[in-house]
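Presented below is the structure to which this report refers.
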Amino acid sequence: MGSIWDRLDRFLLDDEMRSILERLPNKVNEFGYDAWGLHPPTAVRSLAITRFLYRHYFRTDANGMENIPSGRVLLIANHGGQFPMDGLVAGTGAVLEADPPRIVRAMVERWVPTLPFASTLFARCGQIVGNREDCRKLLENEECVLVFPEGVRGSGKTIWHRYELQRFGLGFMRLALETGAPIVPVGIVGSEESIPSVYDMKAIARLIGAPYLPVPATLPLLGPLSFLPLPTKFVLHFGEPMHFEGDPDASDAEVSDKVEQVKDAMRDLIERGLKKRRGIFAR
Amino acid sequence: MSRRPDESKQPVVITGVCGGVGRVLLRQLLAETKHPVIGLDKRNWVLDRPDRFDFRRVDLRRGGAEDVFRTVKPHAVVHLAFVSDQTVSRDRRHVINVQGTQRVLEWCLRYGVKKVVLLSRASVYGARPDNPSKISEDMPLKLGAAYAELSDLVEFDHLCRSWMWEHRKLEVVLLRPVHIVGPNIREGMLYRYLQGDPVLRALGFDPMMQLIHEEDVIQAIRLGLKRDARGIYNVAGAGELPLSAVLRALGRRAIPIPHPALALLDRAAFAVGLSKLPSHAVDFLRFGCVVDGSRIRDELGYEPRFDLRRTLDAIPAAPSILE
């Protein structure tokens, strides 16, 4: 009995993951947890599983990982593809390929904490429910925070609008100005075709309290399986850190100008990713 | 500029002095300051009575208590006469926690008290799934919205807050400590929960918890007593850890039960008196209620002296079923 668990543990916590665990910069208390519930040994073991998806299922090609600095940083990425595969792949990449490895802290939906097991797993892996205040505290704690400024406007969009950046929220820029955290723009290619939705059933979504409800193009063919992400080729581009200065409480118009600069950088990165990719399902 | 009279020898009143926090505070004030201390409680004081300590057995809702304020003219009041025991009826808790506090605050104003320190609790924020990971003092108190039977806790907190703004000449300090533990603490939700062995927990949930040692609460109260301190402060201990780690560290066995069943079970057990934890406690087994304790550190210089390990060690063992 014990030996099966030991073997499973050795399988998850292999040499690569063990070395990552040792190099993680996260500050934890004497019991191994941080204030948000992150437990690095649990996070790293879970990442051993997402590593399989990252390398073999999505065959991820990560570029510019050296642009992730070691202290506080805001990763700003495009969002698409219904399920947050983009967050999963970018987060796995930041642990596997950045130096030092970074556990990416992202904000999860507010209903996640009501789910048994998932709530605990997400928290142990460093994902948090929170508001802007929490984000600020994370950055002040020198953490790496991932924000999708498009929110559900991005993730819920149909396949016809793939890689078109939607309207950005401004909160992340105010946070960057407030905390002095550099912004690393991220272009993620691959996620936006992972569940190709041809239509958003907004009315039914509203009825069940979901932000959107996709109709995958593969629905007639695959039925419910069409809600599983397709094995698309992922290409990540992490851009050079951008530093902004100014009043965090400036008017929306002034902050928008800065946000546009980030958006432009992301457009370039996505463009590079699309050029580099030989096809949606390329090897 | 006229100087205030020497405050260090002015009398201090502690209401509810027979409780755990009251006893430890009394001991420290007598040992480390020159204040004469007057303790009020409707329970009897059974320990010895050292010098400079005057115990009055009075009920705050009767005349005798006001006479103490009238004759002693205390410089400061620490109001600890508070019931959190949910087996006490809702009406009675309202009388003690809200009306009692209202009277004490009125006396403070009428008899020229300079300072009053009151103890609310961090659980007034409620354990909700949409809580931020660190709750600051400005967040709304969600406990009352979710559980009408706990409205006295929230009403008490609001009462103190409104006095803070309406009567500026009285320095009001409202502390919201996290779960208080220690050798003298024999009350509170966490204490009652940990009295069980094995304990029940919600399957698949493992919220972050914050504990504070009784002596660190006393430190916060004493910082609140300092001149010019006023305001609302969360008071946290040395760190956060998940419920499972608390139970492991204390060697408690835990039986995980799906939370809907757990809530039903607890409601039934509470109704017949087998459980002293009301149904809202189940939410505290599912969702975190973690506060940000940085304001009191920054403004009053509070620094917890007990680390997590020593705080956990101070929790009394669960009574054996055989006893």
query = From the residues A:199, A:250, A:209, which one has its Cα farthest along the dipole of segment A:142-283 in the positive direction, the dipole being from +1 and -1 charges on Cβ of Lys/Arg and Asp/Glu about the Cα centre?
reply = A:199
request  = For peptide B:196-204, compute the average count of partner chain beta-carbon atoms within 10 Å of each residue's beta-carbon.
outcome  = 1
request  = Count, for each residue of A:24-31, the Cβ atoms from other chains sitting within 10 Å of its Cβ, then give me the mean as a whole number.
outcome  = 3
note = Restricting to Cα pairs under 8 Å and 6 or more apart, the percent relative contact order of segment A:64-184 works out to 40 percent
query = What FRET efficiency do you get for residue A:221 and residue B:265 if R0 is 51 Å and r is their Cβ-Cβ distance, rounded to the nearest 0.05?
reply = 0.65
query = Considering every residue in B:131-140, what mean count of other chain Cβ atoms within 10 Å of its Cβ is obtained?
reply = 5
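What is the Cα radius of gyration of segment B:24-70 over 2.2 N^0.38 Å, N being its residue count?
1.19
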task = Using only the Cα atoms of segment B:229-323, build the gyration tensor, take square roots of its eigenvalues as a ≥ b ≥ c, and label the shape rounded, prolate or oblate: rounded if a/c is under 1.5, else prolate if a/b is larger than b/c, else oblate.
result = prolate
key: Qualifying aspartates and glutamates (Cα of each under 17 Å from Cα of residue A:276; at least 8 residues distant if same chain)   = A:61, A:192, A:193, A:268
query = Cα convex hull of chain B: how many Å³ per residue?
reply = 140 Å³
Coarse-grained scattering of segment A:30-159 at q = 0.16, 0.21 Å⁻¹, given as base-10 log I(q)/I(0) from a Debye sum over alpha-carbon atoms = -0.83, -1.52
In segment A:3-96, the trypsin sites (Lys or Arg not before Pro) that fall in loop regions by DSSP, at most 13 other Cβ within 10 Å = A:27
inquiry  = 5 Å is the cut-off here: which amide hydrogens, built 1.01 Å from N in the peptide plane, fall below it relative to residue A:242, excluding neighbours closer than 5 in sequence?
reply    = A:183, A:184
Within segment B:52-91, backbone nitrogen closer than 20 Å to the virtual label 7 Å beyond the Cα of residue B:30 toward Cβ = B:52-58, B:72, B:74-81
note = Checked segment B:59-174 with the C-alpha gyration tensor, a ≥ b ≥ c its square-rooted eigenvalues, rounded below a/c of 1.5, otherwise prolate if a/b is larger than b/c and oblate if not; verdict oblate
ask   = Based on the Cβ-Cβ distance from residue B:89 to residue A:202, what FRET efficiency comes out when R0 is 51 Å, to the nearest 0.05?
value = 0.55
note = Between the alpha carbon centres of segment A:228-254 and segment A:28-86 the gap in Å comes to 16 Å
key: Computed helical MRE - 222 nm, chain A, DSSP H runs ≥ 4 contributing -39500 (n - 2.57), nearest 500   = -11500 deg cm²/dmol
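Just from its helices, what would the mean residue ellipticity at 222 nm be for chain B, if runs of 4 or more DSSP H residues each count -39500 (n - 2.57) and the sum is divided by every residue, rounded to the nearest 500 deg cm²/dmol?
Details: 13 runs with 115 residues, N = 323.
The helix contribution divided over chain B gives -10000 deg cm²/dmol.
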key: For segment B:162-230, convex hull of alpha carbons as volume per residue, Å³   = 124 Å³
ask   = Among the DSSP beta bridges whose two residues both lie in the protein assembly as shown, what percent are antiparallel, rounded to the nearest 5?
value = 20 percent
key: Largest to smallest principal axis extent of the C-alpha atoms in segment A:223-283, angstrom   = 49, 29, 15
ask   = For segment A:205-251, what number results from the quotient of the Cα radius of gyration and 2.2 N^0.38 Å?
value = 2.08
remark   = Quick note, chain A: a/c under 1.5 would make it rounded; otherwise a/b > b/c is prolate and the rest oblate (a ≥ b ≥ c, C-alpha gyration tensor); here it is rounded
ask   = Per the 1.4 Å probe, what fraction of the accessible area of chain B, in percent, lies on carbon and sulfur atoms?
value = 51 percent
message = Within segment A:169-197, list the residues whose amide N lies under 18 Å from a label point set 7 Å along Cα→Cβ of residue A:253.
response = A:170
ask   = Relative contact order for segment A:1-99 using alpha-carbon pairs under 8 Å, separation at least 6, rounded to a whole percent?
value = 28 percent
task = Let me know the charge dipole size of segment A:6-142 about its Cα centre in debye, to the nearest 20, where only the beta-carbon of Lys, Arg (+1) and Asp, Glu (-1) is charged.
result = 240 debye
query = Counting pairs of alpha carbon atoms under 8 Å apart in space and at least six apart in sequence, what relative contact order in percent does chain B give?
reply = 18 percent
note = Quick calc: nm separation of the 7 Å Cα→Cβ label points for residue B:274 and residue B:248 -> 3.0 nm
inquiry  = How large is the Kirkwood hydrodynamic radius of segment B:86-237, counting all unique pairs of alpha carbons, in Å?
reply    = 16.8 Å
request  = May I ask for the net charge around residue B:240, where only other residues with Cβ less than 10 Å from the Cβ of residue B:240 are counted and Lys, Arg are +1 while Asp, Glu are -1?
outcome  = 0
request  = Using DSSP to define loop residues, name the GluC sites (Glu not before Pro) in segment A:121-153 whose beta-carbon has at most 16 other beta-carbon atoms within 10 Å.
outcome  = A:142
request  = Tell me the label-point distance for the pair residue A:10, residue A:142, using the 7 Å Cα-to-Cβ offset, in nm and rounded to one decimal.
outcome  = 3.5 nm
message = For a 25 Å ceiling on Cα separation, which of these pairs sit above it: B:9/B:114; A:27/B:142; B:34/B:114; A:27/A:233; B:134/B:226; B:142/B:276?
response = A:27/B:142; A:27/A:233; B:134/B:226
message = Can you give me the distance in nm between label points at residue B:62 and residue A:114, each placed 7 Å from the Cα along the Cα-to-Cβ direction?
response = 5.0 nm
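The values are calculated or read from the model by the stated rules, or taken from the named source; none is laboratory data. All values reported here derive from a predicted model rather than from experimental measurement. Note that each Cβ is placed from the backbone with ideal geometry, even for glycine, and that neighbours are counted across all protein chains shown. Only protein heavy atoms, including side chains, enter the accessible area calculation; ligands, DNA and RNA are left aside. Shrake-Rupley method; radii C 1.70, N 1.55, O 1.52, S 1.80 Å.
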